[in-house]
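The values are calculated or read from the model by the stated rules, or taken from the named source; none is laboratory data. Just so it is clear, the model here is predicted, and its values are computed rather than measured. Cβ: placed from backbone, ideal geometry, glycine included. Neighbour counts: every protein chain shown. Please note that ligands, DNA and RNA were not included when accessible areas were found on the heavy atoms of the full protein model with its side chains. Shrake-Rupley method; radii C 1.70, N 1.55, O 1.52, S 1.80 Å.
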Amino acid sequence: MAGTADRVDPIHQFHIVDLFQIGQIGGMKFAFTNSALFMLIAVALSFLLLYAGSAPRALVPGRFQSVAEEFYSFVHNLVRQVLGEEGKAFFPFIFCLFAFVLFTNFLGLIPYFFTVTSQLVITGTLALFIILMVLVVGLAKHGLKFFGLFVPHGVPIFLLPFISLIEIISFLARPVSLSLRLFGNMLAGHIVLKVFAGFIVSLAGLGFGGWIGAIGPLFMTVAITALEFLVAALQAFVFAVLACVYLKDALHPHH
Amino acid sequence: MANKNRPDGTGETGRGNQHDAEIRDDDLERRRRELEASLATRLPNRLEDGGSDSAGNVALVFRFASEFVAGVLVGGLIGWGLDWLLGSSPIFLIVFLLGGFGAALTNMVRVAKAAQAKVPLGKDLPAGSVDDEDS
């Protein structure tokens, strides 16, 4: 994505573009953006994979069914390991979360595609949703005892205010760290990728010596692309694991 | 012998046969566990030693970093907001910034503990390494 002349703008890929306007809400423009488009594509693809995978219902799975089954049982095992049998109710939620983040991360790696998870608004919304769910589930299941989460056992009484303050801040920091990590990983990875790819274009414009010199950045771009695939999968996994871990606190406030 | 449990060759799963409908939930659960247990002995441990140790470490590093940043950030923001509400300029900012620092460290220690529980101490040492206290 070379900008004007031979200057490459690594931030350009994160621009939100209105594709068409749907209407106005209270003077605010309400438009269908490229971000919304790729969210829709991610949802459609994950739906298609699972639908096409479960359609044959064969005893010996084919390729699609095998992928869909592995996908399902991977998340299923994760939820069961972290949350136990009573956490089964959260499996659909965690699965949707994991599928959405995984597909948007992977879609972002295709050239010219928009990376939805490189927007703090998206990751922040997901993280806030998780933490609100923890609060609602915790309060519904344990009532006010849920706030025992902030009062650890065996702490001397004169230390309790400080410890509680720290516990409350650490609880409030969870959605922030959750959203910052996914956002930061995707943003940084894509910028680095664009910068190295930009070196190739700039160097190649210098003539034959530049062509030789461009081999280094080309190698780096290939290597970073591979790394980004790893990061995309890993961060989706980490996001789902931490959602499970936080939900565990809602189920069992006394750790 | 086990004719009843064999597939009928149509490739269909689901409630095709009459006796399938009689399978109760706990029976299904038991059979699922047995299948998983037998699968676990045959399949290599993909998650445990899948060669993605360095990938896990990178993720761990990012967890430490984000945990630290988030703690201090949230503490500072709460303090700044309280000061802004109560007009008590730097007092709450200082207290909550320190509290946020403490929360960040607590979170990092928890992450480290969880990571250490997965890899028990000394497992990364070479086998048969000398133990100082015994010699």
Size of the A/B contact, given as accessible area buried on both chains, probe 1.4 Å, in Å²:
2400 Å²
Compute the accessible area of each residue in the range A:166-203 twice, once for its chain alone and once with every protein chain present, using a 1.4 Å probe on heavy atoms, and list those whose area falls by at least 10 Å².
A:Ile166, A:Glu167, A:Ile169, A:Ser170, A:Leu172, A:Ala173, A:Arg174, A:Val176, A:Ser177, A:Leu180, A:Arg181, A:Asn185
Assuming a ≥ b ≥ c are the square roots of the Cα gyration tensor eigenvalues, decide whether the range A:13-251 counts as rounded (a/c under 1.5), prolate (otherwise, with a/b larger than b/c) or oblate.
prolate
Could you report the accessible area of A:Val67 in Å², rounded to 10, computed with a 1.4 Å probe on the protein chains as they sit in the structure?
80 Å²
Round to a whole number: what % of the accessible area of the range A:13-251 belongs to carbon and sulfur, probe 1.4 Å?
77 percent
Taking amide hydrogens as modeled 1.01 Å from N in the peptide plane, which residues meet the under 5 Å criterion relative to A:Thr33, leaving out close sequence neighbours?
A:Leu19
Of A:Ala58, A:Phe20, A:Gly87, which is farthest on the positive side of the dipole of the range A:1-117, counting Cα position, with +1 on Lys and Arg Cβ, -1 on Asp and Glu Cβ, and the Cα centre as origin?
A:Ala58
The rounded separation in angstrom of the Cα centers of the range A:104-121 and the range A:176-255 is 11 Å
Surface accessible to a 1.4 Å probe, A:Asp18 within the full protein complex, Å²
70 Å²
Cα gyration tensor shape for the range A:164-223, rounded if a/c is under 1.5, else prolate or oblate
prolate
Hey, what does the equivalent ellipsoid look like for the range A:72-137, semi-axes from the Cα gyration tensor as sqrt of 5 times each eigenvalue, largest first, whole Å?
25, 16, 6
With every protein chain left in place, what is the accessible area per residue of the range A:178-220 in square angstrom, probe 1.4 Å?
50 Å²
Per-residue Cβ counts within 10 Å, from other chains only, averaged over B:70-83: what number is that?
4
Give me the distance in nm between label points sitting 7 Å out from Cα along the Cα-to-Cβ direction at A:Arg80 and B:Leu105, one decimal.
4.1 nm
Which log10 I(q)/I(0) values does the range A:1-148 give at q = 0.14, 0.15, 0.17, 0.18 Å⁻¹ under the Debye formula, counting every alpha carbon as one identical point scatterer?
-0.92, -0.99, -1.11, -1.16
Computed label-point distance, nm, for sites A:Ile16 and B:Arg24 using a 7 Å Cα→Cβ extension
5.5 nm
